[in-house]
Ligand code: FNR
């Protein structure tokens with residue numbers, strides 16, 4: 001039995017698993033290619049190391065660096081590593097499917113690509129490659145508003161799996177923000193995400209030291225840096241200089257990159273207030289998600305005003321390093337919200353086991369940000385598909401190993417979670 005079939009838990013035919021992971025190889029050649037990739041890069045951290053070597057320094061530092069001393073990134077990883085799941089044997093004979101349902105839609109796995117602003121800085125064309133890979137694998141893709149493709153193009157590329165994330169465009173009574181909400185609906189985005197955890201602009205020292213300036217400018221230093229990476233330059237040639245194209249209808253025509261960045265700085269900023277969230281709730285009739293919830297009282301308040309889902313996240317450790325890890329606050333948020341909201345976990349995911357941990361601690365699914373960018377930096381457009389495959393198969397193996405016949409059964413596991421906050425820790 002070759003490794004592809006071993007992973008899939010099958011005795012010979014790669015196609016037998018169709019419909020379980022959503023992205024089975026179509027031919028022997030594809031299966032062999034996947035096997036070779038899995039041998040060379042069996043984990044997300046292997047992709048990270050290759051990305052570090054292949055990418056321009058500024059591109060790697062932009063995506064990989066956190067607030068302060070990266071403290072929160074390290075704590076996110078350590079806290080996930082510390083969660084133990086106790087298996088029950090005798091029930092599962094082979095890896096079960098990882099199918100799940102989120103907001104009434106079915107996906108091949110409870111794993112999503114998190115919204116990323118300016119991913120083209122890390123890898124030109126990133127959004128297109130993410131959208132295609134997510135659609136092929138049938139997993140959710142949350143397109144960020146600050147992206148190199150607009151929501152209409154996102155919906156063309158990923159009609160079955162597109163979610164849309166919005167920052168606060170507050171000028172003129174939220175004229176742009178509300179129009180983007182309308183466009184997301186017309187385009188067919190399935191879920192609207194309002195990000196609430198960036199009330200102020202914070203700095204990330206590694207990004208600053210790499211020469212990135214705000215607003216972004218391709219300075220001589222960055223150009224020279226980019227020349228060290230043929231793959232990055234090729235993707236730039238194919239996809240052009242990244243711009244935030246969802247905003248094109250609102251930006252005066254033919255203005256320079258710098259003026260366009262200044263326009264966005266004027267129009268966008270701060271974080272949604274509760275009153276503003278209520279307004280968006282009125283405008284958007286589909287599933288509405290708040291991204292950035294770490295306190296059970298915020299979760300309660302959101303649910304009371306009709307929000308359907310909560311992203312439990314510390315923004316991947318990119319905002320300030322003193323935040324709690326999201327895996328540690330998740331159990332208290334689950335205790336406060338019960339089954340009244342869909343809980344989406346992110347911050348620190350590097351494996352399917354991490355996804356299993358998050359779900360066992362109360363989440364309905366887990367998203368990842370940095371690791372999908374690492375995958376692009378390491379393997380170009382093949383990266384996201386490979387990473388989805390790794391995460392999905394690792395999750396299926398985890399289900400089998402833990403004695404779960406489905407993703408839902410993870411909720412019933414015995415969990416030891418040393419860093420978990422309890423609901424009473426939030427009192428006062
Ligand atoms: C982000 N994230 C983010 N979130 C958001 O709501 N809007 C955005 O525009 C961005 N931009 C962004 C850029 C980059 C380079 C990164 C790495 C992240 C946060 C993202 O959605 C997610 O919460 C974290 O990335 C999850 O943590 P991990 O998986 O990176 O550890």
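Couple of notes before you dig in:
- Positions within region 119-134 being near the ligand (Cβ under 10 Å from one of its atoms) and modelled with pLDDT of 95 or more, in sequence order: 126
- Residues satisfying the stated conditions in region 204-217, i.e. farther than 17 Å from residue 264 by Cα and either touching a helix residue (DSSP H, G or I) at 6+ places or on another chain (Cβ under 8 Å) or touching a residue at least 40 places away in the same chain (Cβ under 8 Å) (or both): 204, 205, 206, 207, 209, 210, 211, 212
- Test: residue 137 is away from the ligand (no atom under 15 Å from the Cβ), out of contact with any strand residue (DSSP E or B) (no Cβ under 6 Å at 6 or more places or on another chain) and at pLDDT 95 or above: yes
- Among the residues of region 182-203, just one is in contact with a helix residue (DSSP H, G or I) (Cβ under 6 Å, 6 or more places away or on another chain) and closer than 21 Å to residue 71 by Cα, namely 197.
- Subset tally (residues that are more than 28 Å from the chain's Cα centre (by Cα) and surrounded by fewer than 13 Cβ atoms within 10 Å (Cβ to Cβ)) for region 92-104: 2
- The helices (runs of 4 or more DSSP H) found wholly in region 194-280 and carrying at least 3 residues that are closer than 30 Å to residue 346 by Cα occupy 205-209, 230-239, 257-267.
- Residues satisfying the stated conditions in region 130-147, i.e. part of a helix (DSSP H, G or I) and surrounded by fewer than 24 Cβ atoms within 10 Å (Cβ to Cβ): 132, 135, 136
- Test: residue 120 is assigned to a strand (DSSP E or B), within 18 Å of the chain's Cα centre (by Cα), buried (at least 16 other Cβ atoms within 10 Å of the Cβ) and touching a residue at least 24 places away in the same chain (Cβ under 8 Å): no
- Residue under evaluation residue 178, criteria (1) more than 18 Å from residue 309 (Cβ to Cβ); (2) under 16 Å from the mean Cα position of the chain (by Cα), criterion not met: (2)
- Within region 239-266, being modelled with pLDDT of 85 or more and over 24 Å from residue 211 (Cβ atoms) holds for 245, 246, 247, 248, 249, 250, 251, 266.
- Count of residues meeting criterion [farther than 19 Å from residue 154 by Cβ and touching a residue at least 24 places away in the same chain (Cβ under 8 Å)] in region 242-279: 16
- Residue 296 being in contact with a strand residue (DSSP E or B) (Cβ under 8 Å, 6 or more places away or on another chain), over 30 Å from residue 47 (Cα atoms) and either away from the ligand (no atom under 14 Å from the Cβ) or touching a residue at least 60 places away in the same chain (Cβ under 8 Å) (or both): no
- Filter result (buried (at least 23 other Cβ atoms within 10 Å of the Cβ) and not in a helix (DSSP H, G or I)) within region 151-162: 158, 161, 162
The values are calculated or read from the model by the stated rules, or taken from the named source; none is laboratory data. Everything numeric in this text was worked out from a predicted model, so none of it was measured. Note that each Cβ is placed from the backbone with ideal geometry, even for glycine, and that neighbours are counted across all protein chains shown.
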